[in-house]
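The block underneath contains the structure these notes are about, expressed in structure tokens.
The values are calculated or read from the model by the stated rules, or taken from the named source; none is laboratory data. Being a predicted model, the structure only gives us computed values, none of them experimental. With ideal geometry, Cβ positions are generated from the backbone for all residues, glycine too; neighbour counts draw on all protein chains shown.
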Amino acid sequence: MKRLFWVLWLSVCVWGPAVAQTPPGQADEGPRQLWQLLDYVAVDYGGAVDKGAVVSESEYAEMRDFTANAVTQAQALPPHASKQAVVDAANQLQQAVAGKVDGGQVARLAHQAEALLVAAYPIPVAPKTLPDLQRGAALFQAQCAACHGTTGGGNGPLAANMDPPPIDFTDRERAGSRSLMALYQVVSQGVQGTSMPSFSALSEEDKWAVAFFAGTLSHDSAMRERGEQLWKGNAPARKEFADLAAVTTLTEASIATRVGADAARDVTAFVRAQPAVAAASGNSNGLALSRQRLDESLKALRQGDKSAATRLALSAYLDGFEPLEPSLGARNKALLTEVENGMLAYRSAIANGTLAQSEGAAQRLDYLFAEVERELGGKAAEPLTTFLGSLTILLREGLEALLIVVGMIAFLKKANRPDVLRYVHGGWIVALAAGGLTWAVATYFVNI
């Protein structure tokens, strides 16, 4: 039976009547469908060609058709500086398939083309928030079990009348070559010319929740337990899943050559069931990059290059901070909002403020980054960094308050109103006392 049909039926029964079905969207259909074609070739080419010989004429015909369509769709992509690189990569893949080269090389070329495509035409490769696997399980039982079965074995009550039958999510061989991104894409995009529609009306969170849950059904608790031990003690295996995007795009087969088949299976089982650990593993790198870009932005601003300063400030957010938003949002949404507002304030200071205001906003961000580091449970923030950040804010705010008080006193003296000076002095004395009292109360409650 053709492997393609297994993919086409992936989500035929995923959604019941309660979910509105919509045709594939047109706005970003090109890049999305091109990604699907490339992924199909990367996963299924091995079933068509083995050691330079065609083992399935029908499968090979599909691979030829897919790569030809990939080239056509690459050429039809919107204008972009990297468009030609995507077209060239698709052409190389087509030539490799036509030449019946090794499956590993075809997969490598397909993944290279995918990387170029996503870099030039961004499509979601990871959820913006941590997926809720319990939500995914509930959706699966309510909407998918009738076809796929309660355990995902493809043996639901309606499966007997389907040809080809629904996909078996517990099939270890096929699961090893399937990425969570592929599951998400099929649910989101649908497959033209088949009964698999697009479910673009669904929330992004629900699409990813179901994709993650379906991706765990080929693993058992023993695999996950071994995977947890590998995560704690096997640096090479842990390094494979540097962030949430790695969890969604990597397959067991793709990392097995580097860490071994058993380790690839077990660590994949663990991170798919516990995606928060992979999201957290990228936090320290993200914060380090944010700090680096922020420092580079300040240097550019001091040299008078506002354009470079703004670009680097955006990189500090998009490349450094944004990837760790899912884990931070799950723990402390208030802090997440505070950092986002701080980033916006820094960019506004670059555009409309003074150098001193920009430096103050940057100091505030450095303090917030230390708070994020502590919140996410990574390496403890250095006490000196926290102290200096807090001291800087205290001195700046204190100086502003002092200038206001001095200005008021000078104005009252010039206006010959010494009779009201006692109220001004009483105000700042009470403010100091209230600040000391607040510190004492806060210290008490923190230490409880």
Picking from Glu240, Glu252, the residue that is of a type in the set (Asp, Glu), crowded, with 22+ Cβ neighbours inside 10 Å and over 18 Å from Leu133 (Cβ atoms) would be Glu252
Within the range 418-444, residues at pLDDT below 85 and over 21 Å from Ala401 (Cα atoms) come out as Ala440, Val441, Ala442, Thr443, Tyr444
Can you tell me how many residues in the range 125-166 are free of Cβ contacts under 8 Å to residues at least 40 places away in the same chain and charged (D, E, K, R)?
-> 1
Of all residues in the range 101-140 being assigned to a helix (DSSP H, G or I) and touching a strand residue (DSSP E or B) at 6+ places or on another chain (Cβ under 9 Å), the one that is nearest to Gln33 (Cα to Cα) = Val106
The listed residue being on the phi < 0 side of the Ramachandran plot, surrounded by 21 or more Cβ atoms within 10 Å (Cβ to Cβ) and part of a helix (DSSP H, G or I), out of Leu312, Leu318, Leu335 | Leu312
Taking Ala89 as meeting all but one of (1) surrounded by fewer than 18 Cβ atoms within 10 Å (Cβ to Cβ); (2) part of a helix (DSSP H, G or I); (3) under 31 Å from the mean Cα position of the chain (by Cα), write down the number of the exception.
-> (1)
